[in-house]
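Chemist: Okay, here's the structure, questions in a sec.
The values are calculated or read from the model by the stated rules, or taken from the named source; none is laboratory data. Since we're looking at a predicted model, the values are computed, not measured. Glycine also receives a Cβ, built like all others from the backbone with ideal geometry; neighbour counts cover every protein chain displayed.
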Amino acid sequence: MFRFSMLCLLAFFAVNAGAGTSSEPSSERKRGGLSLENPILFVTQVPIPADFTTIGSTFGNHLARLAVAGRGGDLYIRYPDGTLKNLTQAAGFGQDGHQGESAIGVRDPHVHWDGQKALFSMTVGAPEQFEVQEYYWQLYEITGLGPDDTPVITKVPNQPDRYNNIQPIYGLDDDIIFVSDRPRDGLRHLYPLLDEYEEAPTPTGLWRLDPANGNLHLMNHTPSGAFYPFIDSDGRVVFTRWDHLQRDQQADADETSDDGPVYGTFNYADESENAARLDNREEFFPEPRRARTDLLEGTNLEGHSFNRFFIWQINTDGTAEEVLNHLGRHEMVGYFNRVFNDDGSLREFISSVSGRFNTNDIRNLFRAREDPTRPGTFFAVDAPEFQSHTSGQVVSFHAPAGHNPDQTGFDYVTHRDTANVSDTPSPDHSGLYRDVAPLNDGQVLVVHTAETRADRNDGTRAQPTSRYDYRIKVLAPTGQHMAAGQPITAGIDKTLSYYDPDVLVSYSGPMWELSPVEVVARVKPQAHTDPVPDIESRVIDEEGVDLDALRQWMRDRDLALVVSRDVTTRDANDRQQPFNLQISGSQTQTLGDDGPVYDLKYLQFFQADRIRGIGGLDSPRAGRRVLAQPMHDTSDANPANASGPAGSVVLGSDGSMAAFVPARRAMSWQLTDDGGVPVVRERYWVTFQPGEVRVCASCHGVNTTDQAGNPPPENEPLALRDLLDHWKSTQSCTSGESDLDDSGSVNVLDGIVLTNAFGTDNADADQNCDGVVNVSDIRRWTGYW
C-alpha cells in the first residue's frame, strides 16, 4: 500500500517563505506568499455561499446564471518570485465595480503540453435588473503567459454554441476534450439533461473537439454527469463520474403522495420533440428503491439505491470506459446492502470484515490529479455531496494502468476528520480541502479553508457572506498527516456588484482562489489503447470475418459489439448479488458455495432514453431525465429472440454472450432466467463507441479469482461465433471473394472487374463488405492475387 515517505514530508520544510502584502486586481505586479519553482495559473471567484447546483457544488456546477456563478472573477498567474498578474484584465476582459455587459466569470484553467498556452472556460456579460438572459460557459485559449508578455485571449472556434462547455483539457492530437451539457445528439428540445437524483440540470458527458475543422464527438453519455478530466501518464483520460443508476425518487414521491403529485413527473412516449405526454411513470430497471415498500412487498428484494462519485477512465477515442482500474464499491466504500433477503449466501458488504486489501474507507472521489514525480499515483478529494462545495479530505492512491485493484490501498493524506463538515471539530480537523495540485518539485498545492462547518449565507441575498475563505496553500507535514501550510498569495480583494438578476448583489472582500495548475512543459504520453483480445480476434478470424469491415459496418449504423466469455463467473469479492450461477439447459456453472443455484438464460440490455418529464403534463419544465428502457436501437442486428425479454440476447451454452448494442448512448443490463426474471443486475451505465469491440470476460469482472477460486475465463465465446454467423448471413457480399469474373482463377481480368466497380456498392466486388468499392478493396484484392 502506498504511504508517504519521510523524504516527501521533509521536502516541504525546504520551502522558503516570501514577503506577504495585499493584492488588488490590476495589471500591476504584486508580491506575496511563497516562492515556487514554476508559475501557477489559477482563477478567482466571488464567494457563492449556496451549495446546490452552484459553481462549487459536486453536481450541477456547470451553469453560468448569475445566481449560481456570480461575476467578477479573473484568471491569474503567480510567478516564482511571488509576482501576480491578472491575465484576463491584461488581455482586456472583465470590468471593475458594477458588473455589466463586459463582466466575466472564469474557471477551469489547463496548461498545454508545451507549457506555453492554456485553456479555460469563461462566461461574458451580466444583466440589468429583472432582465432574464441566457449565459453559457464557453472555451477560451490564452497565450502570452510570461511576466513581460501581453496575454492574448481567443475564443475556441467551432465549439457547441448556446451550451455550457467547461473543464477543457488538451488532447493528444491537437484536439480538446471537455465537459458539456449539449444533448448527446444535439437535439435542443431535450435540453437540459436532468440528473437521476434531483432532476437538476447536468452535463451530458465528455466531448472531443477538433477546433480546426469542427469535428465533435461524444466520448461518453453520462446520465448524471462527468467532471474534471485529465490525461495521465499512461495516456488514459481520467475523470470523476457521478453514478446514480436508480429509480426516480421524484416519481416515487408522486406515486406515494396522498395529496396528488408533488413534482408532476410523467413519461414521454419517446425522445421526439412532439412526443405524447403519457399519464404514467412506468420504470423497468433497476429494482425499486427501498422507500417503495409497496412495490417491494411480497418480493425478495431489499430495495436499491446507488449514489457514488468515483474516478473513471476512458481512452482518448472514447472506447473502453470503466471505473479506474476496476476500483469500485468493493475496493473503496464501507457498506452497501445485498440484493435479495431470502438467500443466506448473500450478505451485506461491511469493509471491516471483508478482508479486502484497502483498510481506509472512501466515500467519494473528486478532482483527481496525478503526481508528476510518481507516475500512477493520484491525489483526490473525498468530500460530502452537499454543504462544503466539494471540499473534504485529501487522499492518495497508486493505480497505474494494469494495476490489480485487489492490491490497491488508499492513503489518508490529511486526517480523516477533514472528510466531513463539523460544528464541533476535533483537534485533528485542519479544515476543508477542495483542489489538489501536485507539483514537479514534489510539493502539493491545495485549495483550503480553515472553516470546518457547513457553508451557509451568514449575510443576505443582497450582501452574501460565505463562511469559506478559499486560499491556495502548500501542504505541510503535521504529525502523521498533512495539513494546509502557507498561502501562495497574500490574498486578492475585490469590490463588485451585479444583478442576480432581480436583486443587486454587492460584495467587497477576498475572492476565492480556485483551480491551481502548474505552468510547466509535460511529456505527452502515447494514447492508451485496448486492442481486441487474442481470444476474440482468433474467433473472428476463424469465422472468416474481416474485422475492419465489421467495424465499418458498425460505425455506419452507430453500433458496438460487446462480448463476455462466461457470465456465470463473478469476482470473488462480490457476495451481494447471486454468485451460484448456471446456464439453463447446459452443464456450465460456477459455484461459490453450497447455497441456492440460479439459472441464467438471457442477458437483457437497457438503453438510457430521455423520456422522463417533470412539472406536469400541461406545462412541463424544460429538459428530460433518462429512464432505462429495453434496448430497441439495434434494429435486426442481433438474432431474433422472441422467447426472451425485450432487448435481450440468448446466452451461449458455455456462459458466453455477444450482442450489437447502440453506440454513444448509455447502456446497462441484467442477467435473467428462462422467464425473464432478473438474477444479477449491472449497477453502472456504460457507453460504447461506434465500431468498438468491447470484451468483458466476466460479469462482474474478475480482479484475481472468481467465486470458485478460478482465474478469469479464457474460453472462446460460442455466442460470438453464433452472432458472427448471423451477421454473415445478413451480408449481401462475401468478404475476400477474389475470383470476380467466376473464371476459376484470379488474374488481371478480375482486376478490371474491380476497377469498373470502383465507387459503387457492387456487392460482388466489395472485398471488405463495407458497402462501397474503394482503395481498401483494391488493396485487399491485390493481397489475394
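Chemist: For segment 116-149, which residues satisfy the criterion of being more than 30 Å from the chain's Cα centre (by Cα) and farther than 20 Å from PRO39 by Cα?
Modeler: Scanning segment 116-149 gives ALA126, PRO127, GLU128, GLN129, PHE130, GLU131, VAL132.
Chemist: Within the set of pairs 6+ apart or on separate chains, which have a first residue in segment 401-425 that is not assigned by TED's automatic domain parsing to the domain that holds ALA450, a second that is modelled with pLDDT of 95 or more and surrounded by 17 or more Cβ atoms within 10 Å (Cβ to Cβ), and C-beta atoms under 8 Å apart?
Modeler: From residues that are not assigned by TED's automatic domain parsing to the domain that holds ALA450, there are no pairs.
Chemist: Residue under question is ASP161, and the condition is that it be loosely packed, with under 14 Cβ neighbours inside 10 Å and modelled with pLDDT of 95 or more; does it hold?
Modeler: yes
Chemist: Please note which helices (runs of 4 or more DSSP H) are completely contained in segment 690-785 and include at least 1 residues that are at pLDDT 85 or above and exposed (fewer than 13 other Cβ atoms within 10 Å of the Cβ).
Modeler: Ranges flagged: 718-730, 748-756.
Chemist: Could you look through segment 570-588, keep only residues that are closer than 15 Å to ASP599 by Cβ and of a type in the set (A, V, I, L, M), and pick out the one that is surrounded by the most Cβ atoms within 10 Å (Cβ to Cβ)?
Modeler: Out of the qualifying residues, it is LEU581.
Here's the yes/no breakdown for (1) assigned by TED's automatic domain parsing to the domain that holds VAL111; (2) touching a strand residue (DSSP E or B) at 6+ places or on another chain (Cβ under 7 Å); (3) part of a strand (DSSP E or B):
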{"site": "VAL179", "(1), (2), (3)": "yes, yes, yes"}
{"site": "GLU199", "(1), (2), (3)": "yes, yes, no"}
{"site": "GLU255", "(1), (2), (3)": "no, no, no"}
{"site": "GLY264", "(1), (2), (3)": "no, no, no"}
{"site": "ALA275", "(1), (2), (3)": "no, yes, no"}
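Chemist: Show me the helices (runs of 4 or more DSSP H) entirely contained within segment 1-100 in which 3 or more residues are farther than 30 Å from GLU199 by Cα, of a type outside the set (Phe, Trp, Tyr) and modelled with pLDDT of 80 or more.
Modeler: Passing ranges, in order: 87-90.
Chemist: Pairs needed: first member in segment 441-470, more than 15 Å from VAL505 (Cβ to Cβ); second member anywhere, aromatic (Phe, Trp, Tyr); C-beta distance under 6 Å; at least 6 residues apart or different chains.
Modeler: VAL446/TYR433; VAL447/TYR470; HIS448/TYR433; THR449/TYR468; THR449/TYR470; GLU451/TYR468; ASP455/TYR468; TYR470/TRP512
Chemist: Looking at segment 297-315, is at least one residue without any contact (Cβ under 8 Å) to a residue 12 or more places away in the chain and either of a type in the set (Gly, Ala, Ser) or closer than 30 Å to GLY616 by Cβ (or both)?
Modeler: Looking through segment 297-315, at least one residue is without any contact (Cβ under 8 Å) to a residue 12 or more places away in the chain and either of a type in the set (Gly, Ala, Ser) or closer than 30 Å to GLY616 by Cβ (or both).
Chemist: Another one. Between VAL519, VAL562, which is β-branched (Val, Ile, Thr) and either in contact with a Cys (Cβ under 8 Å, 6 or more places away or on another chain) or crowded, with 22+ Cβ neighbours inside 10 Å (or both)?
Modeler: VAL562
Chemist: Taking VAL523 as the residue in question, decide whether it is out of contact with any Ser or Thr (no Cβ under 9 Å at 6 or more places or on another chain), at pLDDT 95 or above and part of a loop (DSSP other than H, G, I, E, B).
Modeler: no
Chemist: Of these, THR319, THR359, which one is among the β-branched types (Val, Ile, Thr), under 30 Å from ARG522 (Cβ atoms) and within 26 Å of the chain's Cα centre (by Cα)?
Modeler: THR319
Chemist: Residue pairs, Cβ under 7 Å, 6 or more apart or interchain, first in segment 122-136 and within 26 Å of PRO168 (Cα to Cα) and at pLDDT below 95, second assigned to a loop (DSSP other than H, G, I, E, B) and among the β-branched types (Val, Ile, Thr). List them.
Modeler: Hits for this filter: zero, empty list.
Chemist: Among the numbered criteria (1) under 25 Å from the mean Cα position of the chain (by Cα); (2) part of a loop (DSSP other than H, G, I, E, B); (3) farther than 30 Å from ALA276 by Cβ, which one does GLY595 miss?
Modeler: Exception for GLY595: condition (1).
Chemist: Continuing with the same structure: For the list (1) in contact with a helix residue (DSSP H, G or I) (Cβ under 6 Å, 6 or more places away or on another chain); (2) assigned to a loop (DSSP other than H, G, I, E, B), I need the number of the one condition that ILE540 fails.
Modeler: Answer for ILE540: the failing condition is (2).
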